[in-house]
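Taking it in order: structure first as structure tokens, then the write-up.
The values are calculated or read from the model by the stated rules, or taken from the named source; none is laboratory data. As the structure is a prediction and not an experimental result, all values here were calculated from the model. Cβ placement follows ideal geometry from the backbone for every residue including glycine, while neighbour counts extend to all protein chains displayed.
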Amino acid sequence: MVYYGVEPLEKSFQKFCEDESLEFSYVHHQGRGSMASWKDYLKSLKEQSPDVILLHSLNLTIPTIYYSLLNRCPFISVEHTGGLKSWPDKLSSILALIFSAITVILEPNYRQSTWPATQGLFRKKDRVIQNGVDLMIYKPASKQRPVLISMAGRLNYPKDYVTPLNMALDILDENSDIQAEIQIAGTGEHLKQLDNIIKERGEGRAKLLGYLNEEDLADLLARSQVFVMKSDAENMPTVLLQAMASECAVVASDIPNIRRLMPSDYPGLFDNRDPEDLKRRLEHALRSSSENESRVELRHHVDKLYNIAQMIEEYTRLIELQISSN
């Protein structure tokens, strides 16, 4: 197991590996194409000598291909990028598609929605395995009063936290009968802009939490009545499913890969180009925050379609197939 990312090593991940006697290492992501990160990653692979590599980061495509060819070790590439914005991303994606044994995509229309030119390329390699949520970790608790509005994720494009924050503060300014607090978890390039907005007009009503480990994120969502996500592009936003499992009312962008996750005719989706629509639906969610039935239905929806047990079973079959055929 190699834990790779800009985030610090998750204590829960470390404990899991130690409890299960799994060899693991932590490789810090030091920027796109960082040779130091690649060397650390290749060193970890050499030490662990895997039978199959499950690749979750486009940043590691090139060193994974190098190791795979050198050691005749197949790899499975998991594509979960919400949109291939840059040519390095596109190059990494096409190389993974060419050299991987299998490519896991999170929804059937992934190729069409991210890079249509690859839609028919090596189609037999694609397998659809959707993200799953651990309902033992993400579960409701006593909801905080006053109402807690939460947002979570990387504070970078294609996500937009500035507009929801301003709309939420407008609602609180215009409606003295609505008492709510806004908490935003995550780090990224929009952090400074959000901090300036809070200092200017949100002191005492909004705060930035920074990076949260899984335990703290689960606690935030368990206490939240409303979860907001505004984004121009998503593949399969796990945090949205985690919020639903925690029985949060969801107010989110009406874009294809969010809409398909929600129950049919869900009323909390807003026109992504219309901040006033976001504001109207957020205000409605705040005024309906004491109604539990619809939030409970969201958890049941996740349990039925996106339970982590289903995901684990499908990945296990896929990995066993690669080991047996190698």
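Looking for something of a type in the set (S, T, N, Q) and touching a His at 6+ places or on another chain (Cβ under 7 Å) - is there at least one such residue anywhere in the range 154-163? Yes, the range 154-163 contains a residue that is of a type in the set (S, T, N, Q) and touching a His at 6+ places or on another chain (Cβ under 7 Å). Filtering the range 216-249 to residues that are closer than 19 Å to Ala206 by Cβ and either of a type in the set (A, V, I, L, M) or surrounded by fewer than 22 Cβ atoms within 10 Å (Cβ to Cβ) (or both) leaves Asp216, Leu217, Asp219, Leu220, Leu221, Arg223, Val226, Val228, Met229, Val239, Ala243, Ala249. The residues listed here are Arg287, Arg299, Arg260; of these, the one that is closer than 22 Å to Ile182 by Cβ and of a type in the set (Lys, Arg) is Arg287. Checked against (1) assigned to a loop (DSSP other than H, G, I, E, B); (2) within 25 Å of Leu169 (Cβ to Cβ), Pro263 meets all criteria but (2). Under the condition of being free of Cβ contacts under 8 Å to residues at least 40 places away in the same chain and either of a type in the set (Lys, Arg) or out of contact with any strand residue (DSSP E or B) (no Cβ under 9 Å at 6 or more places or on another chain) (or both), the residues counted in the range 51-71 number 6. Cβ-Cβ distances below 8 Å connect the following pairs, each with a first residue in the range 235-249 that is closer than 19 Å to Asn292 by Cβ, a second residue that is part of a strand (DSSP E or B) and among the polar types (S, T, N, Q), and a separation of six or more residues or different chains: Ala243/Ser150; Cys248/Ser150. Within the range 298-326, restricting attention to residues that are touching a Pro at 6+ places or on another chain (Cβ under 7 Å) and at pLDDT below 95, the residue that is farthest from Leu106 (Cα to Cα) is Asn326. Looking at (1) of a type outside the set (A, V, I, L, M); (2) at pLDDT below 85; (3) under 30 Å from Leu221 (Cα atoms), find the lone condition where Asp134 falls short. For Asp134, the exception is condition (2). Evaluated against (1) crowded, with 19+ Cβ neighbours inside 10 Å; (2) modelled with pLDDT under 90; (3) within 22 Å of Phe24 (Cβ to Cβ); (4) not hydroxyl-bearing (Ser, Thr, Tyr), His80 falls short on exactly one condition, (1).
For the range 190-215, give me the residue count where each residue is charged (D, E, K, R) and either surrounded by 17 or more Cβ atoms within 10 Å (Cβ to Cβ) or within 17 Å of the chain's Cα centre (by Cα) (or both). Show your work before the answer.
Step one: list which residues in the range 190-215 are charged (D, E, K, R), which gives 192, 195, 199-201, 203, 205, 207, 214-215.
Then keep just the ones that are either surrounded by 17 or more Cβ atoms within 10 Å (Cβ to Cβ) or within 17 Å of the chain's Cα centre (by Cα) (or both); that gives 205, 214-215.
Qualifying residue count, the range 190-215: 3.
For the range 189-201, check the following and say yes or no: at least one residue is modelled with pLDDT under 95, out of contact with any Phe, Trp or Tyr (no Cβ under 6 Å at 6 or more places or on another chain) and not aromatic (Phe, Trp, Tyr).
Yes, some residue in the range 189-201 is modelled with pLDDT under 95, out of contact with any Phe, Trp or Tyr (no Cβ under 6 Å at 6 or more places or on another chain) and not aromatic (Phe, Trp, Tyr).
So which residues in the range 1-38 are among the hydroxyl-bearing types (Ser, Thr, Tyr) and more than 20 Å from Leu58 (Cα to Cα), if there are any at all? Hits for the range 1-38 are Ser12, Ser21. Exactly one residue out of Ser290, Ser294, Ser324 is out of contact with any strand residue (DSSP E or B) (no Cβ under 8 Å at 6 or more places or on another chain) and either surrounded by 15 or more Cβ atoms within 10 Å (Cβ to Cβ) or not in a helix (DSSP H, G or I) (or both), and it is Ser290. Counting only helices (runs of 4 or more DSSP H) that sit wholly inside the range 1-73, those with at least 1 residues that are modelled with pLDDT of 85 or more and among the hydroxyl-bearing types (Ser, Thr, Tyr) are 35-48, 61-71.
The condition (being assigned to a helix (DSSP H, G or I), among the charged types (D, E, K, R) and under 20 Å from Thr163 (Cα atoms)) is satisfied by just one residue among Glu234, Glu276: Glu276.
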